[in-house]
Every structure is written in structure tokens, then in C-alpha cells.
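Take a look at the structure below.
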Amino acid sequence: MSITPLMPVYPRCGFRPVRGEHCHLIGEDGRRYLDFAAGIAVNILGHSHEGLIGAIQRQAETLMHVSNLYGSPQGEHLAQRLVDLTFADTVFFTNSGAEAVECAIKTARAYHSHAGNDHKFELITFNNAFHGRTMATISASSQEKMHKGFLPLLPGFKYVPFDDLEAVKAAIGPNTAGFLVEPVQGEGGIRPASQEFMVGLRALADEHDLLLVLDEVQCGVARSGTFYAYEQYGIEPDVVATAKGLGGGFPFGACLATEKAARGMVIGAHGSTYGGNPLAIAAGEAVLDAVANEEFLADVRAKSERLRSRLEQFIGNYPDLFELVRGMGLMLGVKMKIEPRGFVAHLRDNHQLLTVSAGDNTLRLVPPLVIDDAHIDEFFEKLSAGAASFQPEAAA
Ligand SMILES: *Cc1c(COP(=O)(O)O)cnc(C)c1O
């Protein structure tokens, strides 16, 4: 037998973390790595946050799981908190980002079906988007590398260029249900949508009775410097999928919706065995305790500005390697002039700095939101050393 016990769908590297300490990971070999990947934008409180650990420990001892057939004082409390903090009137809890997007897609279809418009099932989505790895969420993405081997796709998605309002207008037709968009494309290369684009989508949705569905799985939960990124565009969505940071490392997501948008999500329309069980809710509560306040958010924005301005200065030293810096909050991307994976591996293996690559040749920086100036200094020491010692030919 040659297949590995872990299904070989990931190109796993040699680094094998066994312990986390705040913003560092410790490998099997005992070495310390600065973690600017954070489980891909998940560990927003770092790896040893006492509030999060304590909440999970206490809840595990009290009540870990019960069915969603029973009333949930825990879930009601967290849902009310999310409603109070956002545009939303109602919340469905999930275990992952893809499930949150699935619920958002079903919510959009049910919205129109509920009004007798079953033909309005198509979501306009955007080139290079990433929405997850289930059948519906790969169907929602234009990226053919995720489709290969899994055809036929689910019908009902039309891809148009990101940030192109004219293309959206041209794509609207009798079957359109709404738009599904990441305000900041993550996997696709840390590309924020423009203000005009997001405001334009909102206006088009209002004009044609379509739903504006946001995928904030990566950019949400304080990552962008506001609780959700849509706040920075001065618009309110109809539906938002959120996950990653929401559990701080515990698998947790949610689909947030207005009362109007959720009109089709009636009894029996959707469900999840684990979604929003008391253990997950406890993790979510601890995360919100830490991040859902103006002081924390202002601190994220301030650290973002420091990191970003130093990055912009730094990349000038290596014009052959780096092109530009983009992003929002502590979701920053450095567009490189080369395919970034070799550089990511070099930083990791030779300088104990963890980053992630993203589409459009982007080096992705999504550190824990609790980094301090010493971590930023350490980051630049490692990045400078890494850039100075990097030999692109050797990496390729
Ligand atoms: C990670 C991600 C997802 C999928 O989340 P999973 O928890 O892996 O299912 C969906 N959308 C965006 C924008 C993401 O970054």
C-alpha cells in the first residue's frame, strides 16, 4: 500500500508543529517559528489565549454537545450578540467556512423561491474567488483547478471579473438571485474590492431585488480592522458568511442574514448536527469578548498601518522580488515578481517565519491580531534576512 493514512490531498511540508505559544509555533524538532499565517487567518488570538482556552475547558466539563432539536440558551446569547454587532437579524451556526457559504447560497435561493420565483437561482460570482471546497462552493468559484475531476458542477453560478461593475450589470438576467463576493479576496491574492464596486453592487441589488451576499470567512471578525469588512464600505449586506477567526481555532462559522433575506429559511429548510453546539458557542463567545470592542479594533488598525508602512519601505530594497503591498487591516499581501511558494518555503525553512502564498503571486500575511511591536520587529528581521539570502533559481 502506498497511499498515506492522511489522504494525500495537501502538499504538506516538513515543518511539523506540536505546540503553540502566543504568536509562535514550536516544531517537533523544538524550533520556534514566528506565525504570520495563523492557521490561515484562524488563530486571531494567537495560540495560548487564556480566555479562549478557559472557556473551552469550562464548557467541555459542563455540556459539550446537544441536539439542535432542543432550546439553546448558549446559542441564543451568541446569536443576539452577533445581531447587535452587525446588520443581521438572524444567525445560523456552522462548523466551517464552506458550510457558512452553503447556508448563504441556500438562503439566497430560498429568498426568491419563497416569493414564487424559483427561476431566480443564479448567483453572480467573481473570477479568482474562493468560497470553500464543497460541491456548491467549488461551483461558485471560477478556478478550474478546483473543478478538475469533480464535474459536473452545481448549476447556478455565473463568473465575472472582480471589481468590474459593468461586467456585473451585463451579467444580470431573469435568473439572477444575487451576488456572492469576498469584500477582500483572500485566496485570490488579498485584493480589496473598490468602494465604487461595493456601493454599486448594493445599488444594483436594491434596484433588481437581488441579494448582496458577502463571503467574509477570511476578512471578517476584526481581521480587516473593523468587526466586518463591509463596515468600511459604508454599505449593509443582506447575507454574510463568516468563519475562520470566529472560533479562534475551534471549528466554527455562521451565516448572518437580515429578516427579509432569511424569509425562505423556515422550519425544516436547513440543519446541522454539530452547528452551534455549546462547545463551539463557548469558543465564539470568548473570541467576541476579546475582539468585539472599539479598543481592540483600533489597535488592529494601528498595527496594520505600522506593518504596512514598514512593508512598503522594505520592498523598495528588493525591486526584483516585490511589486506592491495591498490589503486591509491585518490581512496584507505583498505581490511578488515571482511565484511566491519558493519564497514562503525559504522563509519557513531557513528563517523560521511562517507566511502563506495566495493567488496572483501574492505573499499573504495574516498574523494573529494580538501581535505586538516586538513581533513586527521580529517579522522584519526574518523577512530582511530571508530576502537577502533568497536565491530564486534554487527555490524553483
Ligand atoms: C477559507 C475560506 C472559505 C472556506 O472555509 P473552510 O472553513 O475551509 O470551509 C470560504 N471562503 C473564504 C473567503 C475563505 O477564505
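Return yes or no: is Gln195 within 16 Å of the ligand (Cβ to nearest atom) and either in the same structural domain as Arg263 (by TED's automatic domain parsing) or surrounded by 14 or more Cβ atoms within 10 Å (Cβ to Cβ) (or both)? Talk me through it step by step, then tell me what you get.
Numbers: within 16 Å of the ligand (Cβ to nearest atom): no; either in the same structural domain as Arg263 (by TED's automatic domain parsing) or surrounded by 14 or more Cβ atoms within 10 Å (Cβ to Cβ) (or both): yes.
In short, no.
Quick one: would you say Gly75 is within 18 Å of Val287 (Cβ to Cβ), in the same structural domain as Ile235 (by TED's automatic domain parsing) and within 16 Å of the ligand (Cβ to nearest atom)? Steps first, answer last, please.
Working: within 18 Å of Val287 (Cβ to Cβ): yes; in the same structural domain as Ile235 (by TED's automatic domain parsing): yes; within 16 Å of the ligand (Cβ to nearest atom): no.
No; evaluated as a whole, the condition is false for this residue.
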Within segment 228-259, the residues that are out of contact with any helix residue (DSSP H, G or I) (no Cβ under 6 Å at 6 or more places or on another chain) and in a loop (DSSP other than H, G, I, E, B) are Tyr228, Gly234, Glu236, Gly249, Pro251, Thr258, Glu259
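Mind checking which residues of segment 89-111 are part of a loop (DSSP other than H, G, I, E, B) and among the acidic types (Asp, Glu)?
Here is the first cut: in segment 89-111, the ones part of a loop (DSSP other than H, G, I, E, B) are 89, 95-96.
Result: Asp89, single match.
If the requirement is being more than 12 Å from Thr94 (Cα to Cα), in the same structural domain as Phe130 (by TED's automatic domain parsing), more than 15 Å from the ligand (Cβ to nearest atom) and part of a loop (DSSP other than H, G, I, E, B), which of these qualifies: Ala269, Ala262? Give the steps one after another, and end with the answer.
Numbers: Ala262 fails: part of a loop (DSSP other than H, G, I, E, B).
When all the criteria are applied, what remains is Ala269.
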### Task
Report yes if some residue within segment 116-130 is under 27 Å from Gly249 (Cβ atoms) and in contact with a Pro (Cβ under 8 Å, 6 or more places away or on another chain); otherwise report no.
no
Across (1) within 21 Å of Gly329 (Cβ to Cβ); (2) among the polar types (S, T, N, Q); (3) within 16 Å of the ligand (Cβ to nearest atom); (4) out of contact with any Lys or Arg (no Cβ under 6 Å at 6 or more places or on another chain), Thr226 clears everything bar (3)
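Scan segment 1-47 for residues that are among the polar types (S, T, N, Q), surrounded by fewer than 16 Cβ atoms within 10 Å (Cβ to Cβ) and modelled with pLDDT of 95 or more and report the count.
Looking only at segment 1-47, we keep the residues that are among the polar types (S, T, N, Q), and these are 2, 4, 43.
From what's left, surrounded by fewer than 16 Cβ atoms within 10 Å (Cβ to Cβ): 2, 4.
Add one more test, that the residue is modelled with pLDDT of 95 or more, and what stays is 4.
Residues flagged as among the polar types (S, T, N, Q), surrounded by fewer than 16 Cβ atoms within 10 Å (Cβ to Cβ) and modelled with pLDDT of 95 or more within segment 1-47 amount to 1.
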So, first residue under 19 Å from Gly249 (Cα atoms) in segment 287-299, second residue in a helix (DSSP H, G or I) and among the basic types (Lys, Arg), Cβ within less than 7 Å, six or more apart or across chains; the pairs are Leu288/Arg81
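The values are calculated or read from the model by the stated rules, or taken from the named source; none is laboratory data. Source: prediction; values computed, not measured. As a convention, Cβ positions derive from the backbone with ideal geometry for all residues, glycine included, and neighbour counts pool all protein chains shown.
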